[in-house]
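Down below is the structure, laid out as structure tokens.
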Amino acid sequence: MKITLILLSSLLCLIGMTSCASVGTEMNSSQVQQIKKGQTTRSDLIAQFGPPMNVGIQGGTKTAMWHHNTVKNKAQNFIPIVGAFSGGIDMRQQMLMVTFDEQDRVKDYTFTDSTPEIKTGIF
């Protein structure tokens, strides 16, 4: 019984340590390419991507931003000694920034999709 409890606890810890975290709605370039300036509305974007994470006003123009971030630990992080030298995190960051006209139609937009690598080890 005690061994089973130890094995189960160890397994749960491993699952927790190797999991990933994400926030926001993932976007793909084909979805973004469907946005048409002067035609696509704020409601269309909310239907497609969900509510924006940020809204504001820039130079008198309404703006909205959608973000998606995913973070995953590299497998070598969990290898004794190796993780201290070559550990890291794989990350994906997406951002869609949209400006709207007075009728809440897309005036302009910018989309970025990057995959930076964050190293936590010595090398």
- Query: By how many nm would the segment from Val71 to Ile57 grow when fully extended, if each residue of separation counts as 0.36 nm and the alpha-carbon distance is taken off?
  - Reply: 2.1 nm
- Run down the aspartates and glutamates and flag those whose C-alpha is under 16 Å from the C-alpha of Lys107, throwing out any fewer than 8 positions away in its chain. Asp44
- Message: Over segment 20-119, what portion of Cα pair distances is larger than 20 Å, expressed as a whole percent?
- Response: 47 percent
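Any read-out appearing in this document is the output of simple, stated calculations on the displayed coordinates, not a laboratory observation. Being a predicted model, the structure only gives us computed values, none of them experimental.
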